[in-house]
Amino acid sequence: MKREAPKSLADYSPLFFPGLMLIVFFVVPFSTMIAVSFFQRDPSGFYTPDFVFSNYARFLSLFFGKVLGFSLVLAVMVAICCVVIAFPFTYLLTKRPRKVQTIWLVCLLSVLSLSEVIIGFAWSTLFTRTAGITNLFVAIGLMKEPVALTPSFWAVLTGMVYQALPYTILVLYPALVRLDPTLLEAARTLGASPVRAFMNVVVPALRNTIVATLIMVFVFALGSYLLPQILGRPSHWTLSVLITDQAIYQSNMPFAAAMAVFLVLMSLALVGLTLLVGRKENAL
Amino acid sequence: MSGLVLKDITKSFGNFTAVDTANLSVPHGKFVCLLGPSGCGKTTLLRMIAGLEDPSSGAILLDGTDITPVPTHKRNLGMVFQSLALFPHLTVGDNIAYPLRIRGASREEQKKRSDELLKLIHLPGFADRPVAKLSGGQRQRVAIARALALSPKLFLLDEPLSALDAKLREAMQVELRQLQQRLGITTFVVTHDQREAMTMADLVVVMGNGKILQAAPPIDIYRKPADAFVADFIGMTNLLDAEVDRAGRVSVLGQAIAGLTIPEGLTKASVSIRPEDVHLGSVGGDAISGTVTFVRDLGGTIETFVETGGKTIIAVATPRERPDVKAGQQVGVTLPAQSCVVLKS
Ligand SMILES: Nc1ncnc2c1ncn2[C@@H]1O[C@H](COP(=O)(O)OP(=O)(O)O)[C@@H](O)[C@H]1O
Ligand SMILES: [Mg+2]
């Protein structure tokens, strides 16, 4: 079938609505943020329009570099943990009877309704010395005495994985449900053990889904600013925490905007890199 | 004994019995067609032979050893799925070499074997293509080659040709049969197409409602069907009621058939007669008279539908054998006793 090029303005009409949405909800706010990042801070008020690089210059320090690095590493770890846990889990879930699947999915959806604050405080209670899960470990003889697990890096990671896991499962679910089960059976008849067949067939057949999910969780984790504060020490604070701090408590909008722009650019670069590597491997 | 033996295999899903006490014994090197209407348990039986489904009861023996507890990946078999199940992320060559890769064969060995198999399925030089770029018939062959890569003891195919168009299907039937004969491999093919079964099989296993109704060479199934279901399912047939009168003569449709006997003690039975055995002639004599209701002239054969005594009898003949008959015409139908198969009714 040959596609005709759009001729009149009316031919472009299906694009108007999405275009408008994109402008109102994305282009305008993002441009505003970029503009603000070049403004001058006014200590007595808010900010004054200007075109200075001082906000970016201030950012180029070892301290902020470390925070940025930590944020990216944390987000990558959350993404990997989520996919590594969610992928086999979702796969096994799709093998259960329909009813069981529905119950699980409803439970997962209800976890999504929990706010980040509730998740943060629930985990911080679970990780305390006096009332936390370590008391349970002591009771069953795994540990000598209860310890506090928070604040720590692992507490932050656990909380963030917990928060992102339902999203991960819900994103993976449709692809895994649609996967032809005979692919796995074929691998088994050809001599592959069930685990081997899973690794050889299911994982590569869903490569693109896995990469897309990794990116989604990564971006999601990058924006988390409450959990690091509730469950971690200041050294575990992410760039998002600092941005919030600058924007809300220090009233330094231009600097917060500069950091946000930088964060967006860095994550875009990382996502682009992932896709590029994926494309290369696909071509092989 | 050597070969594959199914002993009282039953498979239930909940309280639904998909396969009901199936017994079968297949010597090595035979081509078996599992034939039956959709939903009769053919796929389930094949999957149990493959180990993809556990029988609820019964045992599967291969050369005298019970393989029922052996997991699929240790059974040394090749299977072609209805969906073909080619791995979309691998090339044609890598698909075929996958079982060798599992067993740790070197890259060169894998390449050598896949090239060998590609030659066998008449697709040389296709090794580096992605499977998505193949036509239906080509995928079919690749799936077959992959299943045969390790020269398995058992070759199982689930409706392998059903996705192909009629012409290609007929060609592939012949090709598959020739391939099997060349390799001498014990083969099970599931099909619901009796023509396909007749073309390929040494042994046709007719199933209905989860039961094996008859297992015999194709021509025996055709000529001596075990019951009315088999007779009806395999090719076209006329199923007629037979009655025995006081003098012991057997009559069909009110006309005594000379030389036809039915088992002692029975007063009623069914008779199956193939359309090509029905003779049409002029009215009178021993012939059953009837009215032609429809003539289907297919060029190569002519099917004539004759109504008599509330029943429709179909007669098939080649154009040379029969003078023209037209709808509405009166004809005499003769049923030769030696062509009638008596079945319990
Ligand atoms: N996993 C299963 N769970 C429940 N019922 C099944 C399952 N597999 C097959 N069946 C049922 O068993 C019957 C036989 O199926 P199948 O062997 O696929 O038939 P065929 O291949 O002859 O068309 C069907 O009625 C089907 O619904
Ligand atoms: Mg089937």
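In the set B:Arg169, B:Arg139, which member is in contact with an Asp or Glu (Cβ under 8 Å, 6 or more places away or on another chain) and either more than 15 Å from A:Gly191 (Cα to Cα) or not assigned by TED's automatic domain parsing to the domain that holds B:Leu35 (or both)?
Every option except B:Arg169 fails the conditions.
Condition check ((1) part of a helix (DSSP H, G or I); (2) surrounded by fewer than 16 Cβ atoms within 10 Å (Cβ to Cβ); (3) more than 16 Å from ligand 1 (Cβ to nearest atom)) across all residues:
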{"site": "B:Glu53", "(1), (2), (3)": "no, no, no"}
{"site": "B:Leu61", "(1), (2), (3)": "no, no, yes"}
{"site": "B:Pro69", "(1), (2), (3)": "no, yes, yes"}
{"site": "B:His73", "(1), (2), (3)": "yes, no, yes"}
{"site": "B:Leu86", "(1), (2), (3)": "no, no, yes"}
{"site": "B:Gly93", "(1), (2), (3)": "yes, no, yes"}
{"site": "B:Ile96", "(1), (2), (3)": "yes, no, yes"}
{"site": "B:Ala105", "(1), (2), (3)": "no, no, yes"}
{"site": "B:Glu108", "(1), (2), (3)": "yes, yes, yes"}
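Considering only residues that are under 18 Å from B:His28 (Cβ atoms) and either polar (S, T, N, Q) or within 12 Å of chain A (Cβ to nearest Cβ) (or both), which ones fall in region B:53-69?
Residue satisfying the conditions is B:Thr65 alone.
Going by the structure shown, is B:Ala132 away from ligand 1 (no atom under 16 Å from the Cβ), among the small types (Gly, Ala, Ser), modelled with pLDDT under 95 and in contact with a helix residue (DSSP H, G or I) (Cβ under 9 Å, 6 or more places away or on another chain)?
Against the criterion (away from ligand 1 (no atom under 16 Å from the Cβ), among the small types (Gly, Ala, Ser), modelled with pLDDT under 95 and in contact with a helix residue (DSSP H, G or I) (Cβ under 9 Å, 6 or more places away or on another chain)), B:Ala132 does not qualify.
One line per residue, one yes/no per condition, for (1) more than 30 Å from B:Gln82 (Cα to Cα); (2) in contact (Cβ under 8 Å) with a residue 12 or more places away in the chain:
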| residue | (1), (2) |
| --- | --- |
| A:Ala192 | no, no |
| A:Val195 | no, no |
| A:Thr209 | no, yes |
| A:Phe218 | yes, yes |
| A:Tyr225 | yes, yes |
| A:Gly232 | yes, yes |
| A:Ala247 | yes, no |
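Any residue in region B:34-52 that is away from chain A (no Cβ under 14 Å) and of a type outside the set (Val, Ile, Thr) sitting within a Cβ distance under 9 Å of a residue that is part of a helix (DSSP H, G or I) and within 10 Å of ligand 1 (Cβ to nearest atom)? List the pairs, counting only those 6 or more apart or interchain.
Listed pairs, sorted by first residue: B:Leu34/B:Lys42; B:Leu34/B:Thr43; B:Leu34/B:Leu45; B:Leu34/B:Leu46; B:Leu35/B:Lys42; B:Gly36/B:Lys42.
When residues of region A:232-284 are filtered for being buried (at least 20 other Cβ atoms within 10 Å of the Cβ), closer than 18 Å to A:Val78 by Cβ and among the polar types (S, T, N, Q), how many remain?
Total meeting the criteria: 2.
Would a scan of region B:14-29 turn up a residue that is part of a strand (DSSP E or B), within 13 Å of ligand 2 (Cβ to nearest atom) and surrounded by 19 or more Cβ atoms within 10 Å (Cβ to Cβ)?
yes
Condition test on B:Asp8, is it away from chain A (no Cβ under 14 Å), at positive phi, more than 16 Å from ligand 2 (Cβ to nearest atom) and free of Cβ contacts under 8 Å to residues at least 60 places away in the same chain?
So B:Asp8 fits the description; yes.
Can you name the condition, by its number, that B:Asn209 falls short on among (1) closer than 20 Å to B:Leu24 by Cα; (2) within 16 Å of ligand 2 (Cβ to nearest atom); (3) within 14 Å of chain A (Cβ to nearest Cβ); (4) surrounded by fewer than 23 Cβ atoms within 10 Å (Cβ to Cβ)?
Against the list (1) closer than 20 Å to B:Leu24 by Cα; (2) within 16 Å of ligand 2 (Cβ to nearest atom); (3) within 14 Å of chain A (Cβ to nearest Cβ); (4) surrounded by fewer than 23 Cβ atoms within 10 Å (Cβ to Cβ), B:Asn209 comes up short only on (3).
Within 14 Å of chain A (Cβ to nearest Cβ), surrounded by 21 or more Cβ atoms within 10 Å (Cβ to Cβ), under 23 Å from the mean Cα position of the chain (by Cα) and without any contact (Cβ under 8 Å) to a residue 40 or more places away in the chain: does that describe B:Gly78?
Answer is no for this residue.
Out of region B:295-345, which residues are assigned to a strand (DSSP E or B) and among the polar types (S, T, N, Q)? It would help to see each step written out before you state the result.
Taking region B:295-345 first, the residues assigned to a strand (DSSP E or B) are B:295-297, B:302-308, B:311-317, B:330-334, B:341-343.
Across region B:295-345, the qualifying residues are B:Thr304, B:Thr308, B:Thr312, B:Gln330, B:Thr334.
Which ones in region B:162-189 are within 13 Å of ligand 2 (Cβ to nearest atom) and away from chain A (no Cβ under 14 Å)?
B:Ser162, B:Val189
What are the residues in region A:51-90 that are under 20 Å from A:Phe153 (Cα atoms) and of a type in the set (S, T, N, Q), if any?
Pass one, region A:51-90, residues under 20 Å from A:Phe153 (Cα atoms): A:63-85.
Scanning region A:51-90 gives a single hit, A:Ser71.
What number of residues within region B:264-283 satisfy the criterion of being assigned to a loop (DSSP other than H, G, I, E, B) and within 15 Å of B:Gln338 (Cα to Cα)?
Count: 2.
The values are calculated or read from the model by the stated rules, or taken from the named source; none is laboratory data. Just so it is clear, the structure is predicted and the values come from calculations on it, not from any experiment. Reconstructed Cβ throughout: ideal geometry from the backbone, glycine too, with neighbour counts over all protein chains shown.
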